[in-house]
1. Quick one: work out Rg over Rh on the C-alpha atoms of the chain, Rh as Kirkwood radius.
2. Which length gain, in nm to one decimal place, applies between residue 310 and residue 267 when the Cα-Cα distance is subtracted from 0.36 nm times their residue separation?
3. GNM, the chain, Cα, under 10 Å: largest mean-square fluctuation among 219, 416, 47?
4. Specify the inter-centroid distance of the range 371-392 and the range 127-189, based on alpha-carbon positions, in whole Å.
5. Of the residues 386, 167, 55, which exhibits the maximal mean-square fluctuation in a Gaussian network model of the chain defined by a 10 Å Cα contact cut-off?
6. Please compute the Kirkwood hydrodynamic radius of the range 228-290 from all pairs of different C-alpha atoms, in Å with one decimal.
7. Counting only Cα, what are the radius of gyration and maximum Cα-Cα distance Dmax of the range 220-342, in Å?
8. Given that compact globular proteins tend to follow 2.2 N^0.38 Å, what is the ratio of the alpha-carbon Rg of the range 151-256 to that value?
Ligand code: V47
């Protein structure tokens, strides 16, 4: 039986040894220099990113992303036991991509009171969760004290749980309603200080969407722009807490705008990690790039920042989370949303471009678990957690109960060829008593 016809004529591939089926795969020569840079740990340019988006050789893009992912994390894939809590869907904004928001008297509008939140915190503790991930709409009349009381109530019910809460746009909203420290950067710092004192442990990556004014004005006018989003995270890092970053793609943005988004994140992270990189002896280029994804020889001390690392006085971006757009029930419902290949490629490119982000998360709720498994072989090292309830996007034909078990997550990870590692919110390994479920973070 002939498995593959040889390629002939003008497009002939160089002769390759081995199984005849291998001869059907052609390398894109446009990737040769990019592969050299990735192999040696040289930063990719935005122009390189455009080549990675344009190439038909998706296999090579994934291979390169997998190479750097293995340099950073070996065969470990992280998951956590967590609960997402959306305290209210009432929102002063009406972003076109969002199917979550409601106005006060609209069908389906809700807001949880502090007793509801205490119940959720107790359930989270009893289920062994290490994290509560809390976000909501920009609620027009809840006072600032609601938010600090919520954090304190969770701390009372579940003292060991890490609270990752409030996207940057919620922080700016809280700054406005609390009138803490004025409209500028000082005000952001003042609000964050109060929230941290009440129990906030880190910021989630939401609300970044795509850092571009055209896309902002067309799809989420009214939300903060990129400079303010970045400032909120800079302030959180300055105060010593970590955060994540998302990128919502596959709607009205161009691929070049995704690359610009990644470039802005990468630049800010260079500044944040600069002193730490000096203390680790990590060489920088003339632009001050802090590349963490090169070969082992480039890292005389620690390769990755961790809370308490030498020379690290601030928080930092831990993970990039590419979020594929879900059109269902949004004002942009007429758009098709990204394809599986586009999801794979975008995540792999995020791994390659964001060379100073320790982690890349394939959020299984939005990617789906089967897609997340593929992405583990294309740069992702994390799939988020057990989640339980999730209101922001709904899987087709299902409600907001979107729970998966640790067993299912671990099986998906193992089947993709990796070792499942339970982590806490700041990526320390979790040690758990198999009988009682009691847990502690390694090195905490
Ligand atoms: O900010 C809203 C996005 C985000 C849609 O930090 C949509 O660990 C797709 O940020 N289709 C919330 N996306 C989710 C988020 C997140 C999730 C998991 C982990 C972390 C983390 C953060 O979801 C929003 C918005 O960007 N979103 N609507 C939609 N129709």
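1. Working: Rg = 22.1 Å, Rh = 22.8 Å.
Checking Rg against Rh, the ratio lands at 0.97.
2. Values: separation 43, 0.36 × 43 = 15.48 nm, distance 2.16 nm.
Stretched fully, the residue 310-residue 267 segment lengthens by 13.3 nm.
3. Looking only at 219, 416, 47, the largest GNM fluctuation is found for 47.
4. 25
5. Ranking 386, 167, 55 by mean-square fluctuation puts 55 first.
6. Numbers: mean 1/r = 0.0753 Å⁻¹.
After inverting the pairwise mean of 1/r, the radius is 13.3 Å.
7. 17.2, 52
8. Details: Rg = 14.7 Å, N = 106, 2.2 N^0.38 = 12.9 Å.
Its radius of gyration relative to the 2.2 N^0.38 Å reference: 1.14.
Coordinate-derived values only; no laboratory data. Bear in mind the structure is a predicted one, so any value in this text is a computation, not a measurement. Cβ: placed from backbone, ideal geometry, glycine included. Neighbour counts: every protein chain shown.
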